[in-house]
Amino acid sequence: MGHYIPHTTDEIEAMLAFLGLSSLDELFAVIPEAIRLQGALELADGVGEPDVLARFEDLGTRNRARVDQMVCFAGG
């Protein structure tokens with residue numbers, strides 16, 4: 001699985017030019033200062049795809065009842 005590769009300065013400048021803007025601040029100027037994120041996000045360290053899949057599989061098994069725990073209402 002690939003890693004995140006951020007945009008280069010040249011790519012950002014090209015995107016801003018396409019939009020007719022001169023800076024990222026100008027791009028985000030429509031967002032009121034009071035609701036803008038102040039500081040960096042506090043995110044957990046990243047994990048690999050196999051670890052994520054294992055975690056989801058573990059969570060998924062918790063949603064499945066065992067056959068001997070199920071009640072059958074089918075007539076016969």
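Brief remarks follow.
- Of all residues in region 29-52, those that are farther than 25 Å from residue 19 by Cα have Cβ atoms under 9 Å from Cβ atoms of residues that are surrounded by 10 or more Cβ atoms within 10 Å (Cβ to Cβ), 6 or more apart or on another chain, in 47/55.
- Any hit, region 5-27, residues being surrounded by fewer than 10 Cβ atoms within 10 Å (Cβ to Cβ), part of a loop (DSSP other than H, G, I, E, B) and modelled with pLDDT under 90: yes
- Selected residue (only one of 60, 75 is modelled with pLDDT under 85, part of a helix (DSSP H, G or I) and small (Gly, Ala, Ser)): 60
The values are calculated or read from the model by the stated rules, or taken from the named source; none is laboratory data. Keep in mind the model is a prediction, meaning the values are calculated, not measured. As a convention, Cβ positions derive from the backbone with ideal geometry for all residues, glycine included, and neighbour counts pool all protein chains shown.
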